[in-house]
1. Out of (1) open to solvent by less than 30 Å² (accessible area, probe 1.4 Å); (2) more than 30 Å from HIS321 (Cα to Cα); (3) part of a helix (DSSP H, G or I); (4) among the hydrophobic types (A, V, I, L, M, F, W, C), what's the single condition that is false for TRP225?
2. Please work out if ARG259 is touching a Gly at 6+ places or on another chain (Cβ under 9 Å) and in contact (Cβ under 8 Å) with a residue 60 or more places away in the chain.
3. I'm trying to understand the selection: among the residues of region 242-283, which are among the hydroxyl-bearing types (Ser, Thr, Tyr) and open to solvent by less than 10 Å² (accessible area, probe 1.4 Å)?
4. For residues that are out of contact with any helix residue (DSSP H, G or I) (no Cβ under 8 Å at 6 or more places or on another chain) and among the aromatic types (Phe, Trp, Tyr), scanning just region 44-96, find the one that is modelled with the highest pLDDT.
5. Got a number for residues in region 139-165 being open to solvent by 50 Å² or more (accessible area, probe 1.4 Å) and hydroxyl-bearing (Ser, Thr, Tyr)?
6. Kindly evaluate ASP108 against the criterion of being surrounded by 14 or more Cβ atoms within 10 Å (Cβ to Cβ), under 23 Å from PRO166 (Cα atoms) and more than 21 Å from the chain's Cα centre (by Cα).
7. Pick from VAL33, VAL7: which is within 25 Å of GLY338 (Cβ to Cβ), surrounded by 22 or more Cβ atoms within 10 Å (Cβ to Cβ) and over 19 Å from the mean Cα position of the chain (by Cα)?
8. Hey, among the residues in region 56-105 that are of a type in the set (D, E, K, R) and more than 16 Å from the chain's Cα centre (by Cα), which one's farthest from GLY338 (Cα to Cα)?
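The values are calculated or read from the model by the stated rules, or taken from the named source; none is laboratory data. Just so you know, these numbers come straight off a predicted model, no measurement behind them. Cβ sites come from the backbone with ideal geometry, for glycine too, and all protein chains shown count toward neighbours. Surface accessibility is based on the protein's heavy atoms, side chains included, excluding ligands, DNA and RNA. Shrake-Rupley method; radii C 1.70, N 1.55, O 1.52, S 1.80 Å.
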Amino acid sequence: MTWSKAVVHLDGDSFFASVEQALDWRLRGKPVVTGGERGAATAMSIEAKKAGVRRGMNMREVRTVCPDAVIVPGNYTAYSIYAHRMYRIVRGFTPEVEEYSIDECFADITGLTGSYRNSYEDIALMIKRQLESDLGITFGVGLAPNKTLAKVASSWRKPAGFTAIPREAVTDFIRDIPMGGIWGVGFSTSLTLERFGIRSALDFASKDQAWLKQKKISKPYQEIWTELNGGFVKEIGTEGSAPQSIIKSHTFPRTRDPRHLLSQLAKNLEDACAKARRHKVKARLCRFYLKTQAFQYQGLTLDLGIWLNDPREFLRAVETHFHDVYEPGVEYRATGIGLYVLTSEAAVTPDLFGASDRVEREAPLLSAVDRLNHKYGRHTVFLAESLDAITDSEDEREARGRTVVLPISQRKKTISIPHLGTAH
């Protein structure tokens, strides 16, 4: 077998639910569904999937298709800890590890056959066995000449499967794989490609560069084309210090005011997203909660569908679902925000024809905000929605005279700029 590069993709099977089963032996072999805190299934064990439970089902639907389902609230701290253990185990074999998301990673094992005196296939299987032995979770593992093919291979024989695609087997392997099944190709993109007569991955790989230029195929999809032809262009990102989750919370004098609670959540989001941008990561899941005066937590987990580190995008979703959690007349004493399922900014693939441009166009603005806050102090520039929370904080009172308020959307038509203190 020919291996110019040897890239492994490791993907935890039903990761969240599998962690729950690993933590509680009584759940093993049972149909476990996480998401009890939000009223909808966020992850399902292999047993629950076999019973017909699907992500996004409400709990009544879950009970209908699977009466024996064990429904548990999400424990994102535990999931992050298991993710950290997964990365550490893989780094025991090679330092070239990319923490792609909370339940998966890439590893470059090129050149290790001499050190381990084994083939690349055997080394990949060694990593798989070590993970499953130490964590009590099964993994789908793919070995290929690049990241695109390795990710497809890891899902080929799920759960607990292993698939190797040497360079000479690439053409046969991608012959019947639909373009929608390729990493980085979304549903709308695959429909667009269908209008060009592209249905399978091989159809796309068989096109020449002149065709790519004629159809104005953007750079990310040119990279996919190269890797479907066995090349290697997507580097392994090895930022090992990136966080696996980001949580921000704040306690304040008790209140029943929903506007004040939303302001506190906006401030939580700004702080969480600023940290995400510092670490050059984006999140897909956002969980917000309200803590009552009786120390009860009421919250909801939101799946934004795309990876973000812009607080305005998350805040729109939180505002939409705020009253699903907030109860009039109840006294609250704290709010919190958690960002989960993080991935590096470099790993996020844009839509083929720029559907994600709206979010990306805001990146320079956020960078400018970060620079101002770094130079002149925290919350020099902040969202209008955070105003109550910022000015309510004792340690922020002295900063009021140098505050710029950034509106969340066009419906905010005023920007308050008293002055910037010593800024010039």
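1. Against the list (1) open to solvent by less than 30 Å² (accessible area, probe 1.4 Å); (2) more than 30 Å from HIS321 (Cα to Cα); (3) part of a helix (DSSP H, G or I); (4) among the hydrophobic types (A, V, I, L, M, F, W, C), TRP225 comes up short only on (1).
2. Numbers: touching a Gly at 6+ places or on another chain (Cβ under 9 Å): no; in contact (Cβ under 8 Å) with a residue 60 or more places away in the chain: yes.
The answer is no for ARG259.
3. SER263 - this is the single residue of region 242-283 that is among the hydroxyl-bearing types (Ser, Thr, Tyr) and open to solvent by less than 10 Å² (accessible area, probe 1.4 Å).
4. Taking the candidates together, the pick is TYR87.
5. Adding up the residues that qualify gives 1.
6. Numbers: surrounded by 14 or more Cβ atoms within 10 Å (Cβ to Cβ): yes; under 23 Å from PRO166 (Cα atoms): yes; more than 21 Å from the chain's Cα centre (by Cα): yes.
Yes.
7. One residue alone meets the criteria, VAL33.
8. Taking region 56-105 as the starting set, the residues that turn out to be of a type in the set (D, E, K, R) are 60-61, 63, 68, 85, 88, 91, 96, 98-99, 103-104.
Add one more test, that the residue is more than 16 Å from the chain's Cα centre (by Cα), and what stays is 60-61, 63, 68, 85, 88, 91, 96.
Numbers: ARG60: 26, GLU61: 27, ARG63: 28, ASP68: 30, ARG85: 20, ARG88: 23, ARG91: 27, GLU96: 28 Å.
Among those residues, the one meeting the criterion is ASP68.
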